1. Out of segment 22-42, which residues are modelled with pLDDT of 95 or more and under 14 Å from K69 (Cα atoms)?
2. Taking the conditions exactly as written (within 30 Å of D57 (Cβ to Cβ), in contact with a helix residue (DSSP H, G or I) (Cβ under 7 Å, 6 or more places away or on another chain), buried (at least 16 other Cβ atoms within 10 Å of the Cβ) and of a type outside the set (D, E)), does A134 satisfy them or not?
3. Picking from T6, T15, which residue would you name as being polar (S, T, N, Q) and over 20 Å from H122 (Cβ atoms)?
4. Which of the residues that make up segment 49-75 are free of Cβ contacts under 8 Å to residues at least 24 places away in the same chain and in a loop (DSSP other than H, G, I, E, B)?
5. For segment 28-63, what are the residues that are within 13 Å of the chain's Cα centre (by Cα) and either of a type in the set (D, E) or within 19 Å of I144 (Cα to Cα) (or both)?
6. Being open to solvent by 40 Å² or more (accessible area, probe 1.4 Å) and not in a helix (DSSP H, G or I) is the filter here; which residues of segment 137-156 pass it?
7. So, of the residues in segment 75-94 that are surrounded by fewer than 22 Cβ atoms within 10 Å (Cβ to Cβ) and of a type in the set (A, V, I, L, M, F, W, C), which turns out to be nearest to M120 (Cα to Cα)?
8. Scan segment 104-125 for residues that are open to solvent by 30 Å² or more (accessible area, probe 1.4 Å) and either of a type in the set (A, V, I, L, M, F, W, C) or touching a residue at least 24 places away in the same chain (Cβ under 8 Å) (or both) and jot them down.
Amino acid sequence: MVFKKTKILAITGSTRKNSSNYKILNFISENIKSEFEVIIFEDLADIPHFNPDLDTDNPPEMVEFFRNKIMEADGVIICTPEYVFSLPGSLKNALEWCVSTTIFSDKTVGLITASASGEMAHEQLLLIMKTIGAKFDENKQLLIQGIRGKINEEGKITNEETEIALQDFINHFENQF
């Protein structure tokens, strides 16, 4: 009997290499149960600007690639910073390409906003994900404020409360499968 791992697509909302958000997704990847396979998507900058005229029969290749990654995944985790009291444009752009689809409908999703403040971006992320039909609850969403002081350069969580919150998030997410 072949054992199939549960595929999780982890999307970092930051386009910076080795960002705090990437480090959090890496922490999740390292601390989730072995029956889960976490694939971190870092190519938001390569997705073209949303254009409804192109979202018909033949969307851009990178949009199809992104959508297929979501469809192939059993679950999705998004971890994003907040830029100027909002979601990063690259993340919002990628999610806009999903509005005309049902790829998030009833898909288990975990949502993390990790930033200096993050409150506005977190609210916007929750609203967008509800709009596109993602399945999440309060146990699969997390706001981590002041992230730069809670994680070091190597990606180790240095704040005990944050590490506990992330482990709780992981446990609740795992229990959905």
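The values are calculated or read from the model by the stated rules, or taken from the named source; none is laboratory data. This one's a predicted model, so the numbers in the text were calculated from it and none came from an experiment. Positions of Cβ are generated from backbone atoms using ideal geometry, with glycine treated the same way; all protein chains shown enter the neighbour counts. Calculation scope for accessible area: heavy atoms of the full protein, side chains included, ligands and nucleic acids excluded. Shrake-Rupley method; radii C 1.70, N 1.55, O 1.52, S 1.80 Å.
1. Looking only at segment 22-42, we keep the residues that are modelled with pLDDT of 95 or more, and these are 22-32, 36-41.
Within segment 22-42, E37, V38, I39, I40, F41 meet the criteria.
2. Values: within 30 Å of D57 (Cβ to Cβ): yes; in contact with a helix residue (DSSP H, G or I) (Cβ under 7 Å, 6 or more places away or on another chain): no; buried (at least 16 other Cβ atoms within 10 Å of the Cβ): yes; of a type outside the set (D, E): yes.
Here the answer is no, as A134 does not meet what is asked.
3. Result: T6 is the single residue among T6, T15 that is polar (S, T, N, Q) and over 20 Å from H122 (Cβ atoms).
4. N51, T56, D57, N58, P60
5. Hits for segment 28-63 are I28, S29, E42, D43.
6. Residues of segment 137-156 that are open to solvent by 40 Å² or more (accessible area, probe 1.4 Å), as a first pass: 137-139, 141, 143, 145, 148-150, 152-154, 156.
Hits for segment 137-156 are D137, Q141, L143, Q145, K150, N152, E153, E154, K156.
7. Once the filter is applied, the top-ranked residue is F85.
8. Pass one, segment 104-125, residues open to solvent by 30 Å² or more (accessible area, probe 1.4 Å): 105-106, 116-117, 119-120, 123-124.
Residues satisfying the conditions are S105, D106, A116, S117, E119, M120, Q124.
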